[in-house]
Amino acid sequence: MGRRAKNKQAPPEPLDKKVFTSPKKLGKRKAEAVADLDDKPRPAKKSKDSGSSKSKQKSSKNGPKVKFADDANSSDGWEGVADDGAIGDLDSLIGDSDDDMLRGPVQEFDFGSDAEEDEPAPAPLLRGRKSKQSAAPASIVPAGVDSSESEDEDEEDDEDGPTTMANMEARSRALDAKAAAEAELDIEEYQEAAASDDEEDDVDMEGQEDANGDIDAEPFRLPTAAEKEEEKLSVPDVHIVQRRMRECVRILAKFKRLAEEGRSRSDYIEQLVSDVSSYYGYNEFLAEKLFLLFPVAEALEFFEANEVPRPVTIRTNTLRTRRRDLAQALVNRGVNLEPIGKWTNVGLQIFESSVPIGATPEYLAGHYMLQAASSFLPVIALSPQPNERVLDMASAPGGKTTHIAALLQNTGVVFANDANKQRTKSLTANVHRLGCKNVVVCSYDGREFPKVMGGFDRVLLDAPCSGTGVISKDASVKINKSERDFTLLSHLQKQLILCAIDSVSPESKTGGYIVYSTCSVMVDENEAVVDYALRKRPHVKLVDTGLAFGREGFTKFRGKTFSPSLNLTRRFYPHVHNMDGFYVAKFKVERRTKAKKGAEEEEEVVVEVVAEDGTVENKVQGQEDVAFDSDEDRPYLQEATRRRMKAKGLRPPPRTKAPAASATVKASA
């Protein structure tokens, strides 16, 4: 119960005892009721003293109740209590106690109004002996720390004194100097640890553990030819192959110091490629081709990254919604997501979902498209502008086409072409679902497209490729690719890129750009094709892709030298950028210009010639006069006339004799 409930007046006595004879006495009922209440004992107020209130409440419940008597001489009343007086001996109520905390002055009762709020009163100052609990606690010394050290620290703190405005700057500088000294010590320790690691690496690791945790007594040795044959006949142990790959990488990193005598570098590389093909399931041709793209240690990271699926990503359709609204709607459905990165403002990465991402109402309404993060890159590099004519030469299933339409804001025209007519069904379905109204779907061979239509502002060519960048999605690439496949694909890509260049209008005011992209990491399908296009079309040059990340393309690779401008192209790897392997190059088509004369050609010398009639003419030295000889050309003209008449069905005239023409020639000679 609260304070107000306890301080309420007691219920009044029944009115049967008194009889009211006149209605005029009704005004005195209140006074009479108050008088009756004064005869009754008043409830005791609750003391605000936290130390003694509980004991008083207990004594009042268990002991006799205190009554207010009218008689001043009554021993049961409060007759001897003055306003500032003390209550009598409390020992009889509380009992004997060794603790003398209650021997101080008693706090006065505050009989204030009921409207006042209860506020905690300050604890009374107690006089007398101090209890053990009231004593200050001793300093706590952590386990494992010497008490002398803590005393030294306390002395130092006492010497420094409290932090004030006067010594704050000096103490801050001292702390900065101390932090700098500790950082220098950390750097020195790191360098010493690195040096010790190098020294340990110089020594052969004879005591390395095997797969079972046992320590080998012999250092690592390459298997002999007989052992290799035995492994081919039987299933190799995965742990042994894994350890052998790790050892080969370590030895190749410091070949001169760690290599076995009589073994060449090619022996270790051959063994490593063989182990990679057997461990990850590649054919030896593709394993070697991929292995040569990277340094030794990075090559294993690439193979390992191909075994891990890429993150699930979606692209927001800005024609229907905003990314913030779409993210909120998916979060409400139990989807855990976040933006892909700063390089795109429409991508979202899905971590986990309690509902199928490809079957939500938002997906069916066309608010987003399931699309890999690497597929955003070509469209970002193309950067189409509103009211442009854009061609997507290989557009199915429509992820890049709808992205282009969204960037055009449903203005201009997008021609979505695909050579496979069956794949245009999914392309058309996605175009309708995402609300793209400026897309024209067609099915032509890309190599014939310049004959069908041209004059585009921008062209996107996502060429068909081997798929070596998306091995995590299609593991069949590991075993079904051969040298012939790469040769045929490279030839097709070279044809397509030349047709894409011919389809662009160099007179375009806002465009004139081509983006070539593949989902492959092979040089034969990327840098070799781009370099071929630069050599075959001199009026085309490479420009910056506009992508803020990605590795530069190769300008030299295993004896092949490409154009220096290929460093403007971009490569993307799964083990570096956590997306599918991709390649992006951007061209700018300029107007064709006539070939300038070389410096080897001689300059023309103009000579003044005086004719017989006295006129002066300027002639180039060494240039002869060329005149029209009608007699020499007459037989050719007559023959052309005869053929024309025969074509019309008319009878031609007879031929004139040739000797007459020859005679005139002799006469002139």
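Can you compute the FRET efficiency between ALA180 and VAL308 using 1/(1 + (r/R0)^6), with r the Cβ-Cβ distance and R0 = 41 Å? Round to the nearest 0.05. Taking R0 as 41 Å, the efficiency between ALA180 and VAL308 is 0.45.
Cβ crowding within 10 Å, taken as a proxy for footprinting-reagent exposure, orders HIS539, HIS367 from fewest neighbours to most as HIS539, HIS367. Each Cα pair under 8 Å and six or more residues apart adds its sequence gap; the mean of these over the residue count of region 372-589 is a relative contact order of 22 percent. Charged neighbours of GLU552, selected by a Cβ distance under 9 Å, balance to +3 (K, R count +1; D, E count -1). Tally Lys/Arg at +1 and Asp/Glu at -1 over every other residue whose Cβ is under 11 Å from the Cβ of ASN526; what's the total? With Lys, Arg at +1 and Asp, Glu at -1, the neighbours total -2. With a Förster radius of 56 Å applied to the beta-carbon distance between LYS451 and VAL296, the computed FRET efficiency rounds to 0.70. Cα-Cα over 24 Å: which of LYS536/LYS588; LYS494/LYS541; LYS400/LYS421; LYS437/LYS541; LYS494/LYS560? Result: LYS437/LYS541 exceed 24 Å. Using the average count of surrounding beta-carbon atoms within 10 Å as a protection proxy, the listed peptides 175-182, 432-439 rank, highest first, as 432-439, 175-182. Beyond 18 Å, what share of the Cα-Cα pairs of region 225-305 is found? Please give it as a whole percent. Considering region 225-305, 40 percent of its Cα-Cα pairs are separated by more than 18 Å.
Answer rounded, prolate or oblate for region 290-444, using the Cα gyration tensor with square roots of eigenvalues a ≥ b ≥ c: rounded when a/c is under 1.5, else prolate when a/b is larger than b/c, else oblate. Note, shape of region 290-444 comes out oblate. Panel values: region 478-585, Kirkwood radius from alpha carbon pairs, Stokes-Einstein at 25 °C and 0.890 mPa s, translational diffusion coefficient 166 µm²/s. Taking 7 Å steps out from each Cα toward its Cβ at ASP237 and LEU364 produces label points 5.6 nm apart. Radius of gyration (Cα atoms) of region 471-523, expressed as a multiple of 2.2 N^0.38 Å: 1.55.
Qualifying trypsin sites (Lys or Arg not before Pro) in region 226-259, where qualification requires a DSSP coil assignment and no more than 10 other C-beta atoms within 10 Å, are lacking entirely. Segment ALA475..SER354, full-extension length gain: 40.8 nm, with 0.36 nm per residue of separation and the alpha-carbon distance subtracted. Sorting TYR516, TYR280 by the number of Cβ atoms found within 10 Å of their own Cβ, with the fewest placed first, yields TYR280, TYR516. Calculated on C-alpha atoms, the gyration radius of region 372-589 divided by its Kirkwood radius gives an Rg/Rh of 0.94. Name the residues of region 289-320 whose amide N is less than 20 Å from a point 7 angstrom out from the Cα of THR411 along the C-beta direction? Answer for this model: 317-320. When you count the other C-beta atoms within 10 angstrom of each residue and take the mean per peptide, 260-272, 469-481, 393-405 line up highest first as 393-405, 469-481, 260-272.
The numbers here are math on the coordinates, done by the rules we state, and not lab data. From a predicted model like this one, the values you see are computed outputs, not experimental measurements. Here Cβ is always computed from backbone atoms with ideal geometry, including for glycine, and neighbour counts include all displayed protein chains.
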